[in-house]
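Below is one structure; the comments refer to it alone.
The values are calculated or read from the model by the stated rules, or taken from the named source; none is laboratory data. Quick caveat: nothing in here was measured; it's all calculated off a predicted structure. Cβ atoms come from the backbone with ideal geometry, glycine included; neighbour counts cover every protein chain shown.
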Amino acid sequence: MALICVENTVADYAKFRAHFDKNADMRSAAGISNPRVFRSADDGNNILVIADVADPAKAREALRNPEYRAAMQNAGLVGTPKIYIIE
């Protein structure tokens, strides 16, 4: 199984977390499961999300979807996230 790693800064962690939790169905539809959210010990608004990916091609397709990208922006992401799918 592959993993997805998303590294980014958020404007407000509490706002991000509420949106992240609300969008569980969107992640599930993309084949992304078991997400773990980590926060930097130095700055709680710097986050790293690691999740399992059943089908890397399906996950990549979802990440290009404007609806998925809008959900990420609505969660308060600052700048462009660094996204890695590792196998």
Pair list, Cβ under 7 Å, 6 or more apart: region 54-68 residue free of Cβ contacts under 8 Å to residues at least 60 places away in the same chain, other residue in a helix (DSSP H, G or I) and of a type in the set (A, V, I, L, M): 68/26; 68/62
Whichever residue in region 45-59 is more than 18 Å from residue 80 (Cβ to Cβ) and modelled with pLDDT under 95 and, among such residues, is surrounded by the fewest Cβ atoms within 10 Å (Cβ to Cβ): 57
Given (1) among the aliphatic types (A, V, I, L, M); (2) surrounded by fewer than 16 Cβ atoms within 10 Å (Cβ to Cβ); (3) under 12 Å from the mean Cα position of the chain (by Cα), number of the condition residue 14 does not satisfy: (3)
Given (1) assigned to a strand (DSSP E or B); (2) modelled with pLDDT under 90; (3) buried (at least 17 other Cβ atoms within 10 Å of the Cβ), index of the condition residue 72 fails: (1)
Any hit, region 1-8, residues being aliphatic (A, V, I, L, M), more than 13 Å from residue 85 (Cα to Cα) and at pLDDT below 95: no
Residue check, residue 82 assigned to a helix (DSSP H, G or I) and either touching a residue at least 60 places away in the same chain (Cβ under 8 Å) or in contact with a Gly (Cβ under 9 Å, 6 or more places away or on another chain) (or both): no
Residue identified as modelled with pLDDT of 90 or more and buried (at least 17 other Cβ atoms within 10 Å of the Cβ) among 20, 38: 20
Region 60-69 - residue that is under 23 Å from residue 87 (Cβ atoms) and either among the acidic types (Asp, Glu) or touching a helix residue (DSSP H, G or I) at 6+ places or on another chain (Cβ under 6 Å) (or both) and, of those, surrounded by the most Cβ atoms within 10 Å (Cβ to Cβ): 62
Region 30-86: number of residues that are polar (S, T, N, Q) and under 15 Å from residue 18 (Cα atoms): 3
